[in-house]
Amino acid sequence: MPKRINIGIVGCGRILPAHLRGYRLLREKGIDTFRITALVSRNRADAEMFRKRGEGPPPRPPVSQNPDDPLSAPHIYVSDFQDDVEARVFDSVEEMLEKGDVDAVDIPASVAVHHTIALQCLAAGKHCLVQKPFAITVRAAQRMVEAARARNLRLGVVENVRYAESTRIARWLIDAGYLGEIQMAMFPSIGTEWSPNKIVAQTPWRHLKLQAGAGASLDIGVHLFHRLRYLVSEVEEVSAMTAIFEPERYTFDAQGNIIARVRPDVDDAFFATFRFTTGALGQMSFTWAGHGEPTRLAEGMVLYGTKGCLKGDRLVLDNGEVLSARALFESEAPATVKERFFPLGLRDAFALGFLDFLRGIEEGRDPETSGVEGTRDLATSYAIVESALAGRPVRVEDVLSGRVEAYQAEINAHYNL
């Protein structure tokens with residue numbers, strides 16, 4: 001029987017309910033190989049908010065009203081799915097490492113401290129799973145990967161899009177040959193629930209360079225590029241423009257009064273074209289700005305291949321057939337593929353990612369969404385702002401190698417990287 005893995009969670013903010021929901025679903029499926037043993041927050045009350053039902057401060061309401069956004073997950077307590085071990089609360093990573101019983105660390109803290117927390121925990125011999133974006137800069141991410149390798153520890157990024165049902169089904173369709181060779185990819189999107197000028201997720205740090213790295217290009221770019229890298233191939237070159245359309249952003253109370261404001265110094269919009277190593281081409285845009293109403297493709301990301309195209313759940317083939325991708329997967333995919341993509345019948349992306357991480361610890365391997373993957377997502381996304389600053393196309397390998405890092409230089413200097 002595998003040794004129980006004790007998990008410490010560092011960072012008890014807006015995304016934590018989605019993490020705890022994933023862990024709860026694993027327990028409901030009979031995965032009994034882990035326990036949450038520590039909750040860490042600089043503001044101790046934030047950790048106490050999640051520890052035990054009936055105790056601690058009242059929960060915050062979900063910050064997002066979009067049911068597809070993990071930030072809309074309802075509040076969950078560790079005690080809701082774990083009654084035999086009580087999670088301890090700490091107000092520093094140092095205290096957790098000194099006094100806690102922890103084998104692995106889940107880090108849903110803000111991106112500015114991802115590398116400092118991960119490096120501390122790796123130095124103490126703990127496996128680490130880090131919320132996306134993986135790190136504040138590519139250089140910070142590479143230090144994390146090097147530290148994990150040096151100590152033979154598992155390191156991953158919480159990139160839920162990898163395990164999403166639509167992503168997995170698209171991967172199977174491509175592997176099964178339904179689309180042929182991918183030629184083009186497209187994702188245009190203008191406007192969100194934070195448009196035109198709300199502080200995204202009520203977290204002002206997302207709009208500040210030294211705390212967030214970049215804006216929409218990084219926060220959303222890592223999701224989009226991870227999916228494209230998984231489904232098409234590595235991105236070779238990016239050409240992009242960015243903008244800050246809204247010079248000030250606000251959080252409003254129920255009566256419409258301004259209760260917080262921030263002046264962004266990172267992009268709230270990006271428009272990018274890119275070339276894959278296979279020769280395929282892609283185009284995508286995203287913005288938290290946009291007055292009036294949002295504009296986007298109803299199907300989300302669209303892929304065109306040599307045999308047809310995939311628009312959300314609609315698979316449109318050259319022979320005129322229009323099929324449901326999900327229905328085709330359910331009827332035609334082998335049982336082995338279904339179990340590999342959705343073990344135990346799980347469909348929640350966070351639960352699947354955590355299961356992959358836990359199994360990776362047991363098997364001595366990184367999860368699919370490894371630190372290396374997180375670093376490449378980061379570099380590809382940073383290619384957006386590096387290209388916008390340079391006014392020319394940028395090769396992703398040059399961002400990875402540090403040959404192109406003019407945009408990141410200020411951040412690296414600030415954190416002594």
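Selection of region 233-259 for residues being surrounded by 14 or more Cβ atoms within 10 Å (Cβ to Cβ) and among the aliphatic types (A, V, I, L, M) yields Val235, Val238, Ala240, Met241, Ala243, Ile244.
Checked against (1) free of Cβ contacts under 8 Å to residues at least 12 places away in the same chain; (2) farther than 30 Å from Gln142 by Cα, Phe81 passes all but a single condition, namely (1). Screening the candidates Ala140, Ala150, Ala124, Ala118 for the property of being among the aliphatic types (A, V, I, L, M), more than 24 Å from Leu16 (Cβ to Cβ) and modelled with pLDDT of 95 or more yields one hit, Ala150. Are any of the residues in region 16-33 on the phi > 0 side of the Ramachandran plot and in contact (Cβ under 8 Å) with a residue 40 or more places away in the chain? Checked region 16-33: at least one residue is on the phi > 0 side of the Ramachandran plot and in contact (Cβ under 8 Å) with a residue 40 or more places away in the chain. Of the residues Leu317, Leu328, Leu378, Leu417, the single one that is in contact with a helix residue (DSSP H, G or I) (Cβ under 7 Å, 6 or more places away or on another chain), more than 21 Å from Ala216 (Cβ to Cβ) and either buried (at least 20 other Cβ atoms within 10 Å of the Cβ) or in contact (Cβ under 8 Å) with a residue 24 or more places away in the chain (or both) is Leu417. Looking at region 230-265 only, could you name the residues that are in contact with a Leu (Cβ under 8 Å, 6 or more places away or on another chain) and part of a helix (DSSP H, G or I)? Across region 230-265, the qualifying residue is only Leu231.
Can you confirm whether Ser217 is of a type in the set (S, T, N, Q) and surrounded by fewer than 20 Cβ atoms within 10 Å (Cβ to Cβ)? It would help to see each step written out before you state the result.
On the way: of a type in the set (S, T, N, Q): yes; surrounded by fewer than 20 Cβ atoms within 10 Å (Cβ to Cβ): no.
Taking the combined requirement at face value, the residue does not satisfy it.
Please note which strands (runs of 3 or more DSSP E) are completely contained in region 28-123 and include at least 1 residues that are among the hydroxyl-bearing types (Ser, Thr, Tyr).
On the way: elements: 34-40, 88-90, 104-107.
It comes to 34-40.
Each row is one residue, and each column tells you yes or no for (1) surrounded by fewer than 20 Cβ atoms within 10 Å (Cβ to Cβ); (2) touching a Lys or Arg at 6+ places or on another chain (Cβ under 9 Å); (3) not charged (D, E, K, R).
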site: Val85; (1), (2), (3): yes, yes, yes
site: Val89; (1), (2), (3): no, yes, yes
site: Ser92; (1), (2), (3): yes, yes, yes
site: Glu95; (1), (2), (3): yes, no, no
site: Val105; (1), (2), (3): no, yes, yes
site: Val111; (1), (2), (3): no, yes, yes
site: Leu122; (1), (2), (3): no, yes, yes
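Quick grid of which residues meet (1) surrounded by 19 or more Cβ atoms within 10 Å (Cβ to Cβ); (2) farther than 30 Å from Ser110 by Cα; (3) assigned by TED's automatic domain parsing to the domain that holds Pro70:
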| site | (1), (2), (3) |
| --- | --- |
| Leu173 | yes, yes, no |
| Gly177 | no, yes, no |
| Ser189 | yes, no, no |
| Ser195 | yes, no, no |
| Gln202 | no, no, no |
| Arg206 | yes, no, no |
| Leu210 | no, no, no |
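Screening Glu181, Glu248, Glu234 for residues that are over 25 Å from Met301 (Cα atoms) and among the acidic types (Asp, Glu) leaves exactly one candidate, Glu248. Here are Thr336, Thr295: which of them is surrounded by fewer than 22 Cβ atoms within 10 Å (Cβ to Cβ), in contact (Cβ under 8 Å) with a residue 60 or more places away in the chain and polar (S, T, N, Q)? Residue meeting the stated conditions: Thr295.
Whenever a residue of region 348-374 is more than 19 Å from Pro133 (Cα to Cα), its partners that are of a type in the set (Asp, Glu) and at pLDDT 95 or above, lying with C-beta atoms within less than 8 angstrom and at least six residues away or across chains, give the pairs Gly360/Asp366; Ile361/Asp103.
The values are calculated or read from the model by the stated rules, or taken from the named source; none is laboratory data. Remember, predicted model here, so these are calculated numbers, not experimental data. Using ideal geometry, Cβ is built from the backbone for each residue, glycine included, and neighbour counts are taken over all protein chains shown.
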